[in-house]
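The values are calculated or read from the model by the stated rules, or taken from the named source; none is laboratory data. Computed from a predicted model, the values in this text were never measured in an experiment. Every residue, glycine as well, gets a Cβ built from its backbone with ideal geometry; the counts of neighbours run over all protein chains shown. Each accessible area value is taken on the protein alone, full model and side chains, heavy atoms only, with ligands, DNA and RNA left out. Shrake-Rupley method; radii C 1.70, N 1.55, O 1.52, S 1.80 Å.
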Amino acid sequence: ECEEIVSQHISGSVFAFDHNVRSASGKKSKARISGGQNVQGPAKMVHADYTLTSAPARLKDLSKPAKSNDTYRERLLEKGNLIPHELVESCIDEGRRYAIINLWRSIAAEPVQTNPLAVCDSQTVDLEDLVTFEIHYHDRIGENYFSRPSTRHQFYCYPEMVRGEALLLKQWDSAGTFASTGGSDTDSSRPGTPCTFSFHTAFDPVDTIEGASDRLSIEVRCAVFFD
């Protein structure tokens, strides 16, 4: 279903490869979802999920046999690898455009009242705002970007999202200025071009009602290969 939704907005091949369920109370109670994954809490730091190094590396991983931390491990094991090698090679070696996009939505009956998601306009982010940090898994090392605080940053939020709404969050786009220049220029240097990624974070609105329902959301990561 997630692959179909993303495909409606992008002309190309779409492969869902990972997901997270988030709930502050679920994390506190150490809840687990089908397949054995722990429920995670809302991520309350301004960050981006991939870097110049980790975005292409993740694609290469997905064209190989599944690893222990892959949430779609059973599906991956059935197929041998989720994404055909030739697709990944066309991106890494031949410069074909690819992206990693999250489909984010609430899965609770009530509208989102706590810990909503805010997304930063990439045109307001400069090179000095980026801080690279590593994530060490059992069998691989990932990289994310943290953001240094800046009064230039412009954030947007979609309040009280309901279960029937979805937000497509760009995690990486090889056609973005930052990606296509190898990090020498930021997206802000070329207005009107595609953004490479969107900094994002959960936050506490000043008008949150006491006793408001806990956010229960899911994000599904999709690899996209443009036609």
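Residues of segment 115-135 that are surrounded by 18 or more Cβ atoms within 10 Å (Cβ to Cβ), closer than 30 Å to ASP214 by Cα and β-branched (Val, Ile, Thr): VAL119 alone.
Only one of the numbered conditions (1) modelled with pLDDT of 90 or more; (2) in a helix (DSSP H, G or I); (3) open to solvent by 20 Å² or more (accessible area, probe 1.4 Å) is violated by LEU59, and that is (3). Cβ-Cβ distances below 6 Å connect the following pairs, each with a first residue in segment 176-193 that is closer than 18 Å to THR124 by Cβ, a second residue that is of a type in the set (Lys, Arg), and a separation of six or more residues or different chains: THR177/ARG190. Based on what the data block shows, is ARG105 open to solvent by 20 Å² or more (accessible area, probe 1.4 Å), of a type in the set (D, E, K, R), at pLDDT below 90 and outside any loop (DSSP other than H, G, I, E, B)? Considered against the rule, which asks whether it is open to solvent by 20 Å² or more (accessible area, probe 1.4 Å), of a type in the set (D, E, K, R), at pLDDT below 90 and outside any loop (DSSP other than H, G, I, E, B), ARG105 comes out as no.
Screening segment 119-130 for residues that are among the aliphatic types (A, V, I, L, M) and in contact (Cβ under 8 Å) with a residue 24 or more places away in the chain and picking the one that is nearest to THR201 (Cα to Cα) gives VAL119. Of all residues in segment 199-222, those that are touching a Lys or Arg at 6+ places or on another chain (Cβ under 6 Å) and crowded, with 22+ Cβ neighbours inside 10 Å total 1.
So which residues in segment 171-226 are among the aliphatic types (A, V, I, L, M) and in a loop (DSSP other than H, G, I, E, B)? Please lay out each step first, then the result.
The first filter runs over segment 171-226 and keeps only residues among the aliphatic types (A, V, I, L, M), leaving 175, 179, 202, 206, 209, 212, 216, 218, 220, 223-224.
Passing the criteria: ALA175, VAL206, ILE209, ALA212, LEU216.
Listed by first and then second residue, the pairs with beta-carbon distance under 9 Å, at least 6 apart or on different chains, first residue in segment 41-55 and closer than 12 Å to LEU117 by Cα and open to solvent by 20 Å² or more (accessible area, probe 1.4 Å), second in a loop (DSSP other than H, G, I, E, B) and of a type in the set (S, T, N, Q), are PRO42/SER23; PRO42/THR114; PRO42/ASN115; LYS44/ASN115. From the list ILE209, ILE107, the lone residue that is in contact with a Leu (Cβ under 6 Å, 6 or more places away or on another chain) and either of a type in the set (A, V, I, L, M) or farther than 29 Å from GLU89 by Cα (or both) is ILE107. Cβ separations smaller than 7 Å between residues 6+ apart or across chains give the following pairs from segment 206-227 residues that are over 25 Å from GLY26 (Cβ atoms) to residues that are open to solvent by 30 Å² or more (accessible area, probe 1.4 Å): ALA223/PHE15; PHE225/SER13; PHE225/ARG96; PHE226/SER11; PHE226/ARG97; ASP227/SER11. Selection over segment 131-162 of residues that are hydrophobic (A, V, I, L, M, F, W, C), in a strand (DSSP E or B) and in contact (Cβ under 8 Å) with a residue 24 or more places away in the chain gives a count of 3. Looking at segment 136-156, is at least one residue at positive phi and open to solvent by less than 20 Å² (accessible area, probe 1.4 Å)? Checking segment 136-156: not a single residue is at positive phi and open to solvent by less than 20 Å² (accessible area, probe 1.4 Å).
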